[in-house]
Amino acid sequence: MKTVNHWIGGKTVEGTSGNYGPVTDPATGAVTTQVALASLEEVDAAVAAAKDAYATWGTSSLAARTAVLFRYRALLDARRDDIAALITAEHGKVHSDALGEVARGLEIVELACGITTQLKGELSTQVSSRVDVSSIRQSLGVVAGITPFNFPAMVPMWMFPLAIACGNTFVLKPSEKDPSAANLLAELAAEAGLPDGVLNVLHGDKVAVDGLLNHPDVAAVSFVGSTPIARYIHSTASANGKRVQALGGAKNHMLVLPDADLDAAADAAVSAAYGSAGERCMAISAVVAVGAIGDELVARIKERAEKIKIGPGNDPASEMGPLITAVHRDKVASYVTGAAAQGADVVLDGTGYTVDGFEDGHWIGLSLLDHVSTDSDAYKDEIFGPVLCVLRAETYEEGVALMNASPFGNGTAIFTRDGGAARRFQLEIEAGMVGVNVPIPVPVGYHSFGGWKDSLFGDHHIYGNDGVHFYTRGKVVTTRWPDPADAPAGVDLGFPRSG
């Protein structure tokens, strides 16, 4: 059986802990690979490699760093299909979706290639007699990233390209459920000329995570995952004096006003709810229909959802693949059956779905729940699967109040033809990312991604300007060079004057 090992110090390093985790092909249910799970000694080795590399990488020129990143971008572009194939094999998403993931990750690599303008400092001259003040940003040292299973290439690329462009070295702990893409990303970085130890990939479970959170040589931690784990990452790393950005879960709402184009809204709801089998934190999982349009909107969503082709991710005809594990599939299914017991109308029931010839795969069909109560578990919890809840509101105000009452505040959207209502919505809604007739408002790379409330722990969003600020720290330098003609200033115990 194939084994996925660590990538430490610029080379593959076999696991020594003796512990391995299974990696499954979600379309067949078969275990195809095992992944080494790191011990604390292996965590130390990865961090030590990154610390050694920082001694030279942290003082390298911006020109040298960006030259590597430009070559890296070219290699990633040439190997898009190979990266996507690994994602499909271990995550299960369809190949076109996996290619889209790689493309969005490449956006951040391209942003990192232009890091020179992001790291420019500021200078004020003659703030006092012959005194200048400058502000600069410097790297932190060794930083770590802990990433989820649902985007095994994109989310790591949201982190390490910016981190290393800023002069840091990086230890990546990807999900043990689909680890191979991360190794390929590291191998291509080495091929591009990234020095040994600047990017390390450490596979593991909670032992590895806690090892990074507690390690004294790790200066900062980036995380994307569920809210309970994000809260744990933030509290633990912060208690150890580390800088933390921890992006948590979501319950993204889409408000549909009576004047909206219902065909466009239905198309958007299906795409945003069921794309990537709903396994994404920006999925629309709750539609709030305002006024009398609810029944018609649900009918149009149902009509479209019934036509979605579900099958193996490597089948070009498939539009949606399986879920990552059988355990997760069963958990998602339990929300559908539970919603019926809690009073929802089950318009589409995807539980029990199978694909001919792939009966052991982690399959589930599309589910559509109408008249869902805000007290229902299907509404309150992040399901992370192809389940769409529809709620009803009589007015715009009622709909916004319902949405703002959610503890999550990741992304949200409004569908309307009314510019005034849209403008009011983007100011009143309590979420970090807002779409106006755009169902999944993931920002482009030069704007930052992140939510509010229980969807983000820490002060910085990910990538964009926030990402650069997270991976650097500011320093202010006040300089005075006396003129040769100056007389000695003498001792002055007063507070420094600016005049």
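Tabulated results
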read-out: Cβ pairs under 7 Å, 6+ apart, first in segment 101-124 and surrounded by 14 or more Cβ atoms within 10 Å (Cβ to Cβ), second of a type in the set (V, I, T) and not in a helix (DSSP H, G or I); value: E107/V444
read-out: Yes/no for T56 being in a strand (DSSP E or B), open to solvent by 20 Å² or more (accessible area, probe 1.4 Å) and in contact (Cβ under 8 Å) with a residue 60 or more places away in the chain; value: no
read-out: The one condition in (1) of a type in the set (A, V, I, L, M); (2) at pLDDT below 95; (3) open to solvent by 70 Å² or more (accessible area, probe 1.4 Å) that L427 fails to fulfil; value: (2)
read-out: Residue count, segment 181-200 (criterion: touching an Asp or Glu at 6+ places or on another chain (Cβ under 9 Å) and open to solvent by less than 10 Å² (accessible area, probe 1.4 Å)); value: 2
read-out: Selection from segment 62-116 of residues that are basic (K, R), in contact with a helix residue (DSSP H, G or I) (Cβ under 7 Å, 6 or more places away or on another chain) and over 18 Å from V23 (Cβ atoms); value: R65, R73, R79, R80, R104
read-out: Residue in segment 442-462 that is over 16 Å from the mean Cα position of the chain (by Cα) and of a type outside the set (K, R) present; value: no
read-out: Options G352, G321; residue that is farther than 25 Å from T395 by Cβ and under 26 Å from the mean Cα position of the chain (by Cα); value: G321
read-out: Condition met for I136 (of a type outside the set (D, E, K, R), surrounded by 13 or more Cβ atoms within 10 Å (Cβ to Cβ) and more than 18 Å from M157 (Cα to Cα)); value: yes
read-out: Contacts under 7 angstrom Cβ, first residue in segment 424-449 being of a type in the set (F, W, Y), partner open to solvent by 30 Å² or more (accessible area, probe 1.4 Å), 6 or more apart; value: F449/V442; F449/H461
read-out: Hey, K206 free of Cβ contacts under 8 Å to residues at least 24 places away in the same chain, under 30 Å from G313 (Cα atoms) and either basic (K, R) or surrounded by 24 or more Cβ atoms within 10 Å (Cβ to Cβ) (or both) or not; value: yes
read-out: Residue satisfying all of: in segment 341-366; of a type in the set (V, I, T) and either in contact (Cβ under 8 Å) with a residue 24 or more places away in the chain or within 18 Å of V287 (Cβ to Cβ) (or both); surrounded by the fewest Cβ atoms within 10 Å (Cβ to Cβ) among these; value: V346
read-out: Unique residue being surrounded by 24 or more Cβ atoms within 10 Å (Cβ to Cβ), hydrophobic (A, V, I, L, M, F, W, C) and more than 26 Å from the chain's Cα centre (by Cα) when the list is L388, L369; value: L369
read-out: Tally of residues being open to solvent by 20 Å² or more (accessible area, probe 1.4 Å), polar (S, T, N, Q) and touching a strand residue (DSSP E or B) at 6+ places or on another chain (Cβ under 9 Å) across segment 213-227; value: 0
read-out: Selection count, segment 262-297, where residues are open to solvent by 10 Å² or more (accessible area, probe 1.4 Å), in contact (Cβ under 8 Å) with a residue 40 or more places away in the chain and closer than 17 Å to L402 by Cβ; value: 2
read-out: Single condition D259 does not satisfy, out of (1) open to solvent by 50 Å² or more (accessible area, probe 1.4 Å); (2) assigned to a helix (DSSP H, G or I); (3) in contact with an Asp or Glu (Cβ under 7 Å, 6 or more places away or on another chain); value: (2)
read-out: Elements of type helices (runs of 4 or more DSSP H) in segment 159-249, at least 2 residues being closer than 30 Å to R71 by Cβ; value: 180-191, 206-214
read-out: Among residues of segment 438-488, those that are open to solvent by less than 30 Å² (accessible area, probe 1.4 Å) and part of a helix (DSSP H, G or I), counted; value: 4
read-out: In segment 1-36, the residues that are touching a helix residue (DSSP H, G or I) at 6+ places or on another chain (Cβ under 8 Å), buried (at least 22 other Cβ atoms within 10 Å of the Cβ) and part of a loop (DSSP other than H, G, I, E, B); value: P26
read-out: Any hit, segment 311-331, residues being among the charged types (D, E, K, R), more than 30 Å from I229 (Cα to Cα) and open to solvent by 50 Å² or more (accessible area, probe 1.4 Å); value: yes
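The values are calculated or read from the model by the stated rules, or taken from the named source; none is laboratory data. Quantities reported herein were computed from a predicted structural model and do not represent experimental measurements. Backbone-built Cβ (ideal geometry, glycine too); neighbour counts: all protein chains shown. Just the protein is used for accessible areas: all its heavy atoms, side chains included, with ligands, DNA and RNA removed. Shrake-Rupley method; radii C 1.70, N 1.55, O 1.52, S 1.80 Å.
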